[in-house]
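Shown next, in structure tokens, is the structure this report addresses.
The values are calculated or read from the model by the stated rules, or taken from the named source; none is laboratory data. Not measured: the values here are computed from a predicted model. All Cβ positions, glycine included, derive from the backbone under ideal geometry; neighbour counts span all protein chains shown. These area figures cover heavy atoms from the full protein model, side chains too; ligands, DNA and RNA do not enter into them. Shrake-Rupley method; radii C 1.70, N 1.55, O 1.52, S 1.80 Å.
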Amino acid sequence: MKNEERTLNKATGLKEKANNNSLTASHSPFIVRDSILDTFRYPAAIFVLFTFAVYWPVFFRQRFFWEDFFIVDFPARDYAYYMVAIKHTLPFWNPYNWGWSSWLADPQTAIWYPTNLLQIALASIFQPSAQHPSVLWPEAMTLLHLPLACMGMFVLLRKQFKVSGAAALLAGLTFGFGLRMIAEQNHPAKIMQLSLLPWECLLLMRSLRMPRLAPALGILLGVSFLAGQPQVFFFIAFFLGCFTLAESFIRWKEKRVWREVSKPVLAYSIAVLLAAGVAAIQLLPSLELANASARAQMSFSDASYGGIHIGHLINFFVPKFYGENPGYTTPVSAIVHEHTWFWYWEAEYYWGMLPEILALLAVVALWKKRTPDDPKSLYLFFAVAFSIFAIVFGMGKNIYLQWIFWKLVPMFDHFRAPNRMIWFAWFFGSIYTAIGLDLLLKNRDNLKKYSRFLLWSCAVFVGINLIALCGLFDLAFPPHEIRAELWKLILPSLILSISITMFFVLFLRGKLTLRSAWMVVTLLIVADLLYFDFRWYRNGLDRTTLNDNNSRIPAIQALTLSPNPKQHKLLWLHSDSAFAKTVNLGTILRLPIEDVQDSAGWTEFNPVRPLDPLPLIHDTTKRMEIMGISTRIAIDGKVDSLPNSLPFLKLYHEWSIASNDSEARRIYNDTLFDFSNNVVLDHEPNITEGTAALTDTVILSEFSENKMTITVRVSRPSILLVNDLYAPSWHATVDGKETKILRAFTNLRGIPISEGEHHIELYYDSTAFDMGWKITLGTLALSILALFIGRKQKNPAA
């Protein structure tokens, strides 16, 4: 009897499944059926092929990433490879760019992110004799995160929002290849973290109902932090926290028991704690130096740097209104105005004209039909509210909502570029693009019901593009002049808006079948993505060529050929036009070269640089001489020698004490102050002053990136100046006995020694790192164990 029931149930189930498949086929006439897309192999293949189709010049080494990639990311990848693969040690310190802080304590180096470690392994295998890894490794690793982002959005939409496979596929493209991703391609850390956002949201939504998945979310969040860019991680964590509170609020409105209401907050709290543990290997060393960095004290003006103004919102309608980079851009006179045209690529949050209309359609159609059983409408209010908040916050001091957070909410006073909060409007936009597409093409009744809304939306896009093409927006915003050849930027967008309008008109009149409509929608979205111009990487000069060209400069060749090249520093002043060609050259060439725009603020480009790295002296030349700069290349190419510059190692027998900045300024700017005979210290050295003797000697017997060995012979107590930046993790031993390193000349190293011959060792040993890697390993083991136990103990019926 039981066997007969099983047979009957099985037959009934097969019949229902067949009926469902028939229904799906009739309602989803796209050429790729949902049953095929459910396997996830096909969408993954489509996303990867799309990546190769648009970025093949990079993979075939005909084009290269530009600007910040050359300035920051590739030098970091190169130095990590040099230290790990060649020197077989960790890169705790980088002496070749001496304006920076501890290398491994800088979270933007991102050495612990899995694909960055993979680059080192692959380069070691395929380039075993190379001194520098190919620039293609970090470029390829960055680009492969784009299909990962697409796939994350696809899975999120299919699993949590229950949209059709075809709609999820197209929405995945709008997220993975939206203009935000294209504009950030030279910032690998941002690409990596944004590509993980849909996966984090997926795990969050699942852990809200199944807390046993919180460890998985914690691991992913921790890995995301390791990708670099703490601001991106913090904004994402803040967004996920708000999402969690929204879920608890929804449960409270449904009058559920407090246990159910508090469960989301508990699950996310566990995930955040585990994320901190996973990230401890990078987090703790970064925190060790955070309070001593330039980001420790940010004014609201600094924090709001990069905020958009009301005019930037036109980018939601005309994606290239503010230009493209490199190539045609806005006038230089306009770029300098932060409140008007500055950072135009940072204001790009456009994910497609038709997708934006579809997302708005979903909001309008679902707004009055929000039900607790439908995930499409359940989070609609939060999505709209947070998107509005993100845009207003992103306007920085143009609206001042950011000021409230900067003033009252912890951590918000450490980050600039508030415009990056608008990422989440683009994220939700991609989600509701898929929902709107399903509403439109699965039910013709919706097409007729919202026909007026759709046509008015098209009219708005066409109208704004026409106004932009006529130059009226140029006249409305500073510098109040119409740009030459503006039509080249706007015309493609205008044509697209007209094409979308024609599509809706034809569809409304029944001239297109559902299958044809799907195909036209696909063509319009893909054409829009291609209009973004994936050639933003159009730089045709690679980092290796730049290095070769720069290394031929006579001053650099002289430094290379000098008897002790690592003990002589070169300062290269340059203009903005040469910025991407010079910064971090010292790291590449393994020489102490600092590339800056002016001699007064040569460390301004690193956000985690020491807060006070330079002696507080008005005379620029003396400041450089104290820092040990022996040669300077001026902006005009002229080479200056500074014969009075301090050597890398020097013995002092006289010193002054400056326990605060005002005292230091008084000493430095005294006309009688002689830095060649008197060293400024932050504490008393507990030795007596004396006089120099001809027999005093100091020899650097061993030099490596993380360790130095010095032999000293002095007839009187002395201060040994080591002309390198001070950092708390540098330690010194004199004849095997631990000795405190003093701050010399504000931010260099001074070691007190007694008379006689001594063996001195300086070594980098970070207590924060030692504790951090142990916490990371322990947290990973605990999280994986919790996931395994949770999987074993879950209720099969659930």
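Some notes on this structure:
- With respect to being free of Cβ contacts under 8 Å to residues at least 40 places away in the same chain and either among the aromatic types (Phe, Trp, Tyr) or open to solvent by less than 50 Å² (accessible area, probe 1.4 Å) (or both), Gly471 fits the description.
- Against the numbered list (1) more than 30 Å from Arg552 (Cβ to Cβ); (2) within 35 Å of the chain's Cα centre (by Cα), Asp636 comes up short only at (1).
- Residue match in the stretch 282-300 (condition: over 30 Å from Leu213 (Cα atoms), without any contact (Cβ under 8 Å) to a residue 40 or more places away in the chain, open to solvent by less than 40 Å² (accessible area, probe 1.4 Å) and outside any helix (DSSP H, G or I)): no
- Among the residues of the stretch 427-468, the ones that are under 24 Å from Leu169 (Cα atoms), open to solvent by 30 Å² or more (accessible area, probe 1.4 Å) and in a helix (DSSP H, G or I) come to 4 in all.
- Test: Ala658 is farther than 17 Å from Leu616 by Cβ and among the aliphatic types (A, V, I, L, M): no
- Listed by position, the strands (runs of 3 or more DSSP E) enclosed by the stretch 636-713 that each have at least 1 residues that are modelled with pLDDT of 90 or more and open to solvent by 30 Å² or more (accessible area, probe 1.4 Å) are 639-641, 649-652, 655-657, 697-703.
- If you go through the stretch 248-281 and pick out every residue that is of a type outside the set (A, V, I, L, M, F, W, C), in contact (Cβ under 8 Å) with a residue 60 or more places away in the chain and under 16 Å from Met210 (Cβ atoms), you end up with 1.
- Picking from residues in the stretch 724-733 that are open to solvent by less than 40 Å² (accessible area, probe 1.4 Å) and out of contact with any Pro (no Cβ under 7 Å at 6 or more places or on another chain), the one that is nearest to Phe769 (Cα to Cα) is Ser729.
- Only a single criterion out of (1) under 30 Å from Lys162 (Cα atoms); (2) out of contact with any Phe, Trp or Tyr (no Cβ under 9 Å at 6 or more places or on another chain); (3) at pLDDT 50 or above; (4) open to solvent by less than 50 Å² (accessible area, probe 1.4 Å) is not satisfied by Phe50, namely (2).
- Here is the figure for the stretch 531-548: residues that are open to solvent by 30 Å² or more (accessible area, probe 1.4 Å) and either among the β-branched types (Val, Ile, Thr) or modelled with pLDDT under 85 (or both) total 8.
- Screening Val583 on (1) modelled with pLDDT under 75; (2) open to solvent by less than 30 Å² (accessible area, probe 1.4 Å) shows it passes everything except condition (1).
- Residue-level analysis places Arg61 among those that are surrounded by fewer than 16 Cβ atoms within 10 Å (Cβ to Cβ) and charged (D, E, K, R).
- Boolean, Leu700 is under 19 Å from Asn564 (Cβ atoms) and not acidic (Asp, Glu): yes
- Looking across the stretch 64-89, just one residue is open to solvent by 30 Å² or more (accessible area, probe 1.4 Å) and of a type in the set (Ser, Thr, Tyr), and that is Thr89.
- Pairing residues of the stretch 347-358 that are farther than 13 Å from Ala425 by Cα and charged (D, E, K, R) with residues that are open to solvent by 10 Å² or more (accessible area, probe 1.4 Å) and modelled with pLDDT of 90 or more, at Cβ distances under 9 Å and at least 6 apart in sequence or on separate chains, gives no pairs at all.
- Test result for Ala271, open to solvent by less than 30 Å² (accessible area, probe 1.4 Å), part of a helix (DSSP H, G or I) and either modelled with pLDDT of 95 or more or not aromatic (Phe, Trp, Tyr) (or both): yes
- Number of the condition not met by Met411 [criteria: (1) farther than 27 Å from Gln108 by Cα; (2) touching a residue at least 24 places away in the same chain (Cβ under 8 Å)]: (1)
- Some residue of the stretch 111-118 being of a type in the set (S, T, N, Q) and crowded, with 23+ Cβ neighbours inside 10 Å: yes
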